[in-house]
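To start, the structure itself, in structure tokens.
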């Protein structure tokens with residue numbers, strides 16, 4: 001994805017060749033207060049064969065690690081790794097809520113090159129993640145047929161920061177494939193059909209269309225994060241990982257781990273150099289991520305609590321490991337203990353009733 005040299009010429013593209021003709025609002029529904037920000041994901045179907053390095057440049061992803069983490073790729077993956085046209089990658093980006101919708105927080109910024117036009121940029125460079133009227137609207141372009149080489153355009157990727165059904169989630173712009181169904185997407189991403197219909201303003205499952213982007217709320221792993229941490233809220237969905245605390249900590253989410261966020265020392269260079277702070281749980285010999293079994297259904301974990309003031313916060317937590325457990329700080333007995341108590345009460349009542357009948 002190499003861009004030609006920029007020349008101060010004028011580009012004119014007639015919008016009559018574009019099927020996108022209405023200036024609809026960009027973004028997903030976002031009812032959070034104005035200026036709320038969060039992290040989001042969106043599918044990008046590659047328009048041509050390209051490298052991971054070119055993708056990070058196009059979307060202004062700050063480092064390759066973020067792209068690898070969003071796609072659960074090995075951290076050793078080279079920036080020169082080639083991906084073929086029509087392959088899909090998840091793009092991480094910052095989201096901003098304003099005026100009831102969520103759009104990418106002034107990123108990516110695309111610089112116009114010779115022979116560009118708004119339709120080409122929207123439909124071909126960014127694979128219809130946005131429409132050209134949406135680019136026109138957020139950039140206050142009066143005439144969609146006239147843009148300048150060298151002009152910088154904010155590309156408003158759709159996103160949201162809203163909680164869903166009372167739970168914090170990461171909103172994912174999912175590219176609908178041919179043959180997808182609302183029920184199938186809901187099952188794949190651990191949500192409900194009614195939630196997807198509501199979030200996307202669909203009257204029925206028949207409204208789902210292939211090659212469109214829909215809002216899918218991704219369940220995230222439970223954390224012990226303090227609300228004064230610089231990375232609060234830390235939203236990490238299933239089968240992804242993230243580097244945080246100035247690259248000192250790597251956190252991974254897996255449904256197989258009872259939806260509990262597993263964090264440990266990252267083992268890479270701290271952002272801006274220097275040495276990472278201590279990651280030991282106070283009063284223990286545990287380092288961040290260390291666990292020990294307390295009983296057949298319980299373990300203790302040195303969990304990540306956030307960071308600030310050159311300090312990494314840790315907390316010793318207890319987790320249930322048996323089926324039916326509720327994760328952090330849960331009782332090993334869970335609902336099973338209640339069931340045993342009720343069974344004992346019922347059995348005792350039955351024996352008492354038999355005794356009365358014999359009298």
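The values are calculated or read from the model by the stated rules, or taken from the named source; none is laboratory data. This is a predicted model, so every value here is computed, not measured. Virtual Cβ from ideal backbone geometry, glycine too; neighbours counted across all protein chains shown.
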Options 326, 331, 278; residue that is modelled with pLDDT of 90 or more and assigned to a loop (DSSP other than H, G, I, E, B): 278
Against the condition in the same structural domain as residue 319 (by TED's automatic domain parsing) and more than 18 Å from the chain's Cα centre (by Cα), how does residue 258 come out, does it pass? yes
Selection from region 68-78 of residues surrounded by 15 or more Cβ atoms within 10 Å (Cβ to Cβ) and more than 15 Å from residue 236 (Cβ to Cβ) yields 73
Which ones in region 249-277 are touching a strand residue (DSSP E or B) at 6+ places or on another chain (Cβ under 8 Å), touching a residue at least 24 places away in the same chain (Cβ under 8 Å) and on the phi > 0 side of the Ramachandran plot? 258, 259
Leading residue by the ranking (farthest from the chain's Cα centre (by Cα)) among those in region 201-230 that are buried (at least 18 other Cβ atoms within 10 Å of the Cβ) and part of a loop (DSSP other than H, G, I, E, B): 208
Options 200, 227, 246; residue that is within 30 Å of residue 317 (Cα to Cα) and touching a strand residue (DSSP E or B) at 6+ places or on another chain (Cβ under 8 Å): 246
Which of (1) assigned by TED's automatic domain parsing to the domain that holds residue 47; (2) on the phi > 0 side of the Ramachandran plot does residue 146 not meet, given it meets every other one? (2)
Within region 156-165, can one find any residue that is surrounded by fewer than 17 Cβ atoms within 10 Å (Cβ to Cβ) and not in a strand (DSSP E or B)? yes
Checking 225, 196 in turn, the sole residue that is farther than 16 Å from residue 70 by Cβ and touching a helix residue (DSSP H, G or I) at 6+ places or on another chain (Cβ under 7 Å) turns out to be 196
Inspect region 40-50 for any residue being closer than 19 Å to residue 164 by Cα, out of contact with any helix residue (DSSP H, G or I) (no Cβ under 8 Å at 6 or more places or on another chain) and modelled with pLDDT of 95 or more and give the result as yes or no. yes
